[in-house]
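Contents: one structure, followed by commentary.
Just so it is clear, none of the values below were taken in a lab; they were calculated from the coordinates. Computed from a predicted model, the values in this text were never measured in an experiment.
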Amino acid sequence: MPIALALSPHLDDAAFSCGGLLAGLARDGWRVVMATLFTGSVADPTGFALACQLDKGLAPEVDYMALRRDEDVRAAAALGIAPPVHLQFREAPHRGYGAPPELFSETRADDGIVGDLAPALADLIAAERPDLILAPQAIGGHVDHVQAVRALRGLAVPSPILWWRDFPYTVREAAPKAPLAALFAGLPEPVMRLDPEAQARKRAACAAYASQIGFQFGGLAGLDARLAREEGLERFRLSGPLGVSVPGLDAG
């Protein structure tokens with residue numbers, strides 16, 4: 001059985017960006033593991049970290065990350081993939097980033113998370129032995145996405161990597177930030193054409209992240225409108241030879 005490992009910075013990134021591909025692989029007999037890096041709960045958050053849950057209508061006493069991990073379990077079930085893996089690293093608001101603009105600016109000089117992420121990713125990859133890895137390009141420039149790419153790029157990974165385009169950051173601006181674009185320039189640009197079942201599973205998985213849908217899309221109608229404009233396509237960059245068959249993927 002071939003294995004795919006999706007490395008998601010946050011609890012929703014993989015489903016939003018390549019959920020259709022993940023669903024299709026699972027249907028075709030793959031073991032699909034969706035591992036999220038920044039999922040650690042923090043007791044009694046304050047300041048900007050607390051604001052990140054209050055602005056989604058959640059009370060201060062709610063364990064925001066536990067709620068989101070539960071949503072992730074439901075999203076994985078909707079995709080038909082294995083139960084998700086949750087690494088316990090803390091999101092950027094708990095690492096000194098103190099306001100929304102800082103999340104999309106240069107990474108802090110004192111943010112040493114790459115040094116912690118890299119060995120954890122190496123251990124995860126060694127344990128799963130994936131035939132295919134999926135990971136973000138950090139389009140949009142969120143610092144957690146940028147640090148995830150840096151950690152993965154610093155490893156000697158034998159598996160091919162499909163680097164997804166970070167939806168919905170890709171559609172928020174006509175020219176979204178792409179601070180790591182030079183790393184992917186010149187790589188093949190495969191396109192996944194989703195069939196109706198894969199599209200439906202992706203939509204159900206995205207909707208499972210109920211705490212995020214209003215903030216990200218303005219509600220379910222906004223989610224549906226955004227997905228419709230993607231026209232059933234998911235786009236990637238490919239590093240390494242793709243030695244396995246991925247039905248529906250135009251290798252570019």
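Quick notes on this structure:
- Phi angles across region 117-125 convert, under the Karplus curve 6.51 cos²θ - 1.76 cosθ + 1.60 with θ = phi - 60°, into 3J(HN,Hα) values of 5, 4, x, 5, 5, 4, 5, 5, 5 Hz, Gly and Pro given as x.
- Counting only DSSP beta bridges whose two residues both lie in region 1-142, roughly 10 percent are antiparallel.
- Cα centroid separation, region 28-53 to region 97-151: 13 Å.
- Only beta bridges with both residues in the chain are counted; by DSSP, about 40 percent of them are antiparallel.
- The chain - Kirkwood radius from inverse mean 1/r over Cα pairs (Å): 18.2 Å
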